[in-house]
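These notes concern the structure reproduced below.
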Amino acid sequence: MPRAALVIVLAVCTLPACVRVHAYQRAELAARGMASPVWPELDAADEHVFVVREGTGGATAAGGGGCGCN
């Protein structure tokens, strides 16, 4: 009997995770804010490299921007 109860509990817990995601919902679910960083320091370093390369500083709370070329 305990084994059957365990199977039922597992089924009840996992079945709601099986839902169809519509095309218009995928962009929202794939948003950068939805992902939790595994290593926040590495993500901060990647963001810094992107800002320096693209010259897009100032779009966040960080100051500065651009490549520094004259």
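What does the C-alpha gyration tensor say about the overall shape of the range 1-56? Classify as rounded when a/c is under 1.5, otherwise prolate if a/b is larger than b/c, or oblate. Here the range 1-56 falls in the oblate category. Near ASP46: Cβ cut-off under 13 Å, other residues only, Lys/Arg at +1 and Asp/Glu at -1. The net charge is -2.
Spin-label pair CYS13-ALA31: with each label point 7 Å from Cα along the Cα-Cβ axis, the two points sit 2.9 nm from one another.
Where a number appears in this text, it was derived from the coordinates with a stated rule and is not lab data. The shown structure was predicted, so the numbers you read here are calculated from the model rather than taken from an experiment. Ideal geometry is used to build each Cβ from the backbone, glycine not excepted, and the neighbour counts take in all protein chains shown.
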